[in-house]
Protein chains: 4
Amino acid sequence: MAEGIDAFVLIGGDGSFTGAMTYNEEFNFTVICIPGTIDNDIFGTSNTLGFDTALNTVVEVIDKIRDTASSHNRLFFVEVMGRDVGHIALNVGVGAGAEEILIPEENLGLERLLESLKRSKKSGKSSSIVVVAEGDKIGKSVFELKEYVEEHLPIYDVRVSVLGHMQRGGSPSCYDRVLASRMGVKAVEALIEGKTNLMVGVQNNVITFTPISKAIKGHTKIDKELIRVSDIMTT
Amino acid sequence: MAEGIDAFVLIGGDGSFTGAMTYNEEFNFTVICIPGTIDNDIFGTSNTLGFDTALNTVVEVIDKIRDTASSHNRLFFVEVMGRDVGHIALNVGVGAGAEEILIPEENLGLERLLESLKRSKKSGKSSSIVVVAEGDKIGKSVFELKEYVEEHLPIYDVRVSVLGHMQRGGSPSCYDRVLASRMGVKAVEALIEGKTNLMVGVQNNVITFTPISKAIKGHTKIDKELIRVSDIMTT
Amino acid sequence: MAEGIDAFVLIGGDGSFTGAMTYNEEFNFTVICIPGTIDNDIFGTSNTLGFDTALNTVVEVIDKIRDTASSHNRLFFVEVMGRDVGHIALNVGVGAGAEEILIPEENLGLERLLESLKRSKKSGKSSSIVVVAEGDKIGKSVFELKEYVEEHLPIYDVRVSVLGHMQRGGSPSCYDRVLASRMGVKAVEALIEGKTNLMVGVQNNVITFTPISKAIKGHTKIDKELIRVSDIMTT
Amino acid sequence: MAEGIDAFVLIGGDGSFTGAMTYNEEFNFTVICIPGTIDNDIFGTSNTLGFDTALNTVVEVIDKIRDTASSHNRLFFVEVMGRDVGHIALNVGVGAGAEEILIPEENLGLERLLESLKRSKKSGKSSSIVVVAEGDKIGKSVFELKEYVEEHLPIYDVRVSVLGHMQRGGSPSCYDRVLASRMGVKAVEALIEGKTNLMVGVQNNVITFTPISKAIKGHTKIDKELIRVSDIMTT
């Protein structure tokens, strides 16, 4: 290559990976990908870089919202990132003790939401938090959910919080730093060994390779056991 | 009083203070108030409890937004609390290096905003943050500001972030804890001395008393020098 | 049992587990254990509750030490917890970009330490951090290491920091909260199923059971791959 | 000047200021100083840059130590920075609810310390924290204090924590950022107006100038009212 560049190590998500693959196909250019996105929505790795950091950021923010929710006896719908997958919502929902968690993978239905909130109120809790993934399957925005609950369950003073881009920034957690080092070392070693078109991932805590073409086709599945835990915790 | 309560020390804002005054008038009940609100909008004290903590919370969040703004070359309108006063917006705007700060006390006008943003873009900055108080005098919400800029200054990819209630929670800063201790001691001493209907405040770092009736009538004025500093920093 | 208690769920480390086992043997009392210690030194689980939180705490503190180390061109020996195992030291060392990491599992030797520090100085780095586990195999305290380096490598201005008990406190990370929920649910289910004398653990991200007698006999092994990564990163 | 430098704006403490003054005297070079040190030990300003940030850092760490102190019923001596002045110790001591605060400005005596600790124990508190400035007037290190208390008051399990350099780093608080902006603007304006040999400070929340020669001769006095508050809080 003109500039003396022999290979790329690309850190990003689906979009960047697709670009990398095209680049490889057209110019026969060596490329190794590292999954870096807070959504954790890449196939072939249980964790993407940034995911763990984002979980801590969101849990800290919800703790702050809980402070004010408790002192005013309120219900909050908190929208977190996750258009296609509910990894952030499910983890922070359990981590922050949410009363209900709405994710793209499951349609819990509005009936269940109302039941859950009634139960929470009855149990004497001083506040309620519902965590909602952007792409929640019920298909209502947090603003529509607010209206719906105010209409059908007027016992609550409802508020909305859309966390947005703050979820993407901040100093990385130790886990993300260590994972980045492990993936980075493996990526360079892959280049040395002449590999290409692979994504470095982590599975069962072992560093692995997945063809980029496969990585961009799927998502890491939501943890069924964690859904079960969240169901038990929110009942 | 039936329950053996001789006096109240009330921590709150305008609303609670008005209630306390009424209570005092009707029942001749001794009451001392301590200003606790993140908005810093009480007359007779340069700092309300929670204000300093909220500033740190907001600056941390804007730092995180800046991370993502920079990597995507974006403009963010960030709405912070402050319906009647711009204390939070002005301080976090300067603290987080905002390109422009919109507050209830001044109408900078949309023209100046566009000029400011053009200048920021020209200077080669990789991101722009505009901090907007809820009650900004221009009278447009952050969503309307986004639309306006996208129409009149299409060089920017614009995003919006409404920080909301997270600003009210969290573990207090050292300054707020020390101030709370100082005010609390003074409030108890006031009760011992038989005082009533007063608000404990801090002015020029000295603990003072202000009649509640005066405290609820005004706001601590925005710092003109800080507006000047922010004008210089954002030019 | 007199007080109507049918079973214990005990959260703790080796010591508490041994007590629980004795209790079970003597009184035939049902007990399920959950591993809660920041040292991550329990057999039968890849993560103990508190470990991830402690890693984040320590990395944040070392980042702050790095700020001052850089501006004064200094070498810091930072002692972290880990009397028998180097999990904390190894992870935070990689996470915070330490120049060298000294752990109980390996005797790197003082020669290698000096070589590493010389190399770091030559490479033009403005600061050096050496992370030392309490039980480091070289067998010298951070104070002795400071003296040794000052004598044998007088190019450095050396400082020492013993992090101590702050590592044990703080608000838990999202990972630790989720893990605690998963373990808690499993512990209760174990009781319902009539199980006893077991420790709930997590292995390859699946919740598992290990007899308490086995859990207290060993440690989770240090990750060899991570030692390799740290060797590469610090060279 | 050869390099086209017309003036310095110097950010630092006593040492740097003395250097700046010498430089000005010998080369007749224009210099304006800004007080930047966490110790808050410069005359002519109520706040030095970094002081407020350090207070928050230390309070957060003591909160973490309190977590473990409480669960084990322990007494901690926590050493914080402050060789000549007790500003950090006094503020964080009040902020973190310390049982006793030892500073360079006052010799409380060992007798009072023992009395204070006995009282704390009797009152049923589950933990005790004593904050000690480096230059505490009693003249004993935290290690000597530990020994003394263990000998004379064996009811406590005593631990020591020396916070050290972590106090100097980290992302600045909003207050420090705003103060830095205000001081920076004033420093540049001073240069434009042809001033020299001055330190920019803040007094009663107004930006002021003090001759450097005076600034380095004294310290900002410890707040007597805050000592009184701390006495009341710790009794």
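For the residue pairs D:K64/D:K221; A:K146/B:K121; C:K122/D:K146; D:K146/D:K224; B:K146/D:K186, alpha carbon separations beyond 32 Å are given by A:K146/B:K121; C:K122/D:K146; B:K146/D:K186. Net charge of the neighbourhood of B:V185, taken over other residues with C-beta under 12 Å away and scored Lys/Arg +1, Asp/Glu -1, is 0.
The contact residues of the range D:203-223, meaning those that lose at least 40 Å² of 1.4 Å-probe accessible area when all protein chains sit together rather than their chain alone, are D:N204. Peptide C:88-101 is shielded by partner chain Cβ atoms: per residue, an average of 2 of them sit within 10 Å of its Cβ. Relative contact order for chain C: 29 percent, from Cα pairs under 8 Å spaced at least 6 residues apart, divided by residue count.
The percentage of C-alpha pairs in the range A:1-140 whose separation is greater than 23 Å is 47%. Here the mean projected area of the convex hull built on the C-alpha positions of the range D:89-214 is 10.7 nm².
Could you tally the net charge around C:F27, taking each other residue with its Cβ under 15 Å from the Cβ of C:F27, Lys/Arg +1 and Asp/Glu -1? Before the final figure, lay out each step's value.
Details: positive: none; negative: C:E3, C:D6, C:E25, C:E26.
After counting each charged neighbour, the total is -4.
Scaled against 2.2 N^0.38 Å for its residue count N, the alpha carbon radius of gyration of the protein assembly as shown is 0.98. Of interest is the spacing of the C-alpha centroids, which for the range B:113-172 and the range A:147-225 amounts to 29 Å. Inter-copy label distances at D:E106, shortest first and taken from points set 7 Å along Cα to Cβ: 4.3, 5.2, 5.8 nm.
The Cα atoms of chain B cover 67, 31, 30 Å along the three principal axes, with the biggest extent listed first. Put simply, the convex hull of the Cα atoms in the range A:147-222 casts, on average, a shadow of 8.9 nm². Of all DSSP beta bridges in the protein assembly as shown, what percent run antiparallel (nearest 5)? The answer is about 20 percent antiparallel. Bridges between two residues of chain C, per DSSP, are antiparallel at a rate of about 20%.
Burial here means at least 40 square angstrom less accessible surface with every protein chain in place than with the chain by itself, probed at 1.4 Å; in the range D:58-76 the buried residues are D:K64, D:T68.
Taking all protein chains as shown and a probe of 1.4 angstrom, A:K224 keeps an accessible surface of around 150 Å². The relative contact order of the range C:160-214 comes to 22 percent, based on Cα pairs under 8 Å that sit 6 or more residues apart.
Chain D against chain B buries an accessible area of about 2300 Å², both chains summed, 1.4 Å probe radius. In chain C, a dipole from Cβ-located charges (positive for Lys and Arg, negative for Asp and Glu) runs towards its positive end, and of C:A133, C:S70, C:T208 it is C:S70 whose Cα lies farthest in that direction. Residue and whole-Å distance for the chain D Cβ lying nearest the axis of the D-onto-C rotation are D:V162, 3. Counting only protein heavy atoms and a 1.4 Å probe, the protein assembly as shown has 42 square angstrom of accessible area per residue. The share of accessible area on the range B:59-168 that comes from carbon and sulfur is 45 percent, using a 1.4 angstrom probe.
Projecting 7 Å from Cα along the Cα-to-Cβ direction, the label point of A:K224 sits 3.4, 7.0, 7.4 nm from its equivalents in the other copies, listed shortest first. In terms of accessible area, using a 1.4 Å probe and ignoring ligands and nucleic acids, C:S71, C:S126 rank largest first as C:S71, C:S126. Calculated mean residue ellipticity at 222 nm for chain B: -14000 deg cm²/dmol, from DSSP H runs with n ≥ 4 weighted as -39500 (n - 2.57), summed, divided by the residue count and rounded to 500.
Peptide A:178-190 has a mean of 4 when you count, residue by residue, the C-beta atoms of other protein chains within 10 Å of its C-beta. Near C:R119, once Lys and Arg are set to +1 and Asp and Glu to -1 for all other residues with Cβ below 14 Å from its Cβ, the sum equals 0.
Rounded, prolate or oblate for the range D:6-66? Axes are the square roots of the Cα gyration tensor eigenvalues, ordered a ≥ b ≥ c, and the cut-off for rounded is a/c under 1.5. Taking the square roots of the gyration eigenvalues as a ≥ b ≥ c, the range D:6-66 is prolate.
Under a model in which nothing but the beta-carbon of Lys, Arg (+1) and Asp, Glu (-1) is charged, the protein assembly as shown shows a dipole of about 0 debye around its Cα centre.
How would A:R228, D:R177 line up by accessible area, probe 1.4 Å, largest first?
So the residues, ranked largest to smallest area, are A:R228, D:R177.
Note on B:H219: accessible area is roughly 70 Å² with a 1.4 Å probe, heavy atoms of protein only. Across peptide C:152-165, the mean count of Cβ atoms from other chains lying within 10 Å of each residue's own Cβ comes to 3.
For C:T196, the distances from its label point to the matching points in the remaining copies are 6.5, 6.5, 8.7 nm, ordered from shortest, with each point set 7 Å beyond Cα toward Cβ.
Helix A:174-192 and the long axis of chain A differ in direction by around 20°, with both axes built from C-alpha atoms.
The values are calculated or read from the model by the stated rules, or taken from the named source; none is laboratory data. Quick caveat, the model's predicted, so the values are computed rather than measured. Here the Cβ is made from the backbone with ideal geometry for all residues, glycine too, and neighbour counts use every protein chain on show. Quick note on the areas: whole protein, heavy atoms, side chains included, nothing else; ligands and nucleic acids left out. Shrake-Rupley method; radii C 1.70, N 1.55, O 1.52, S 1.80 Å.
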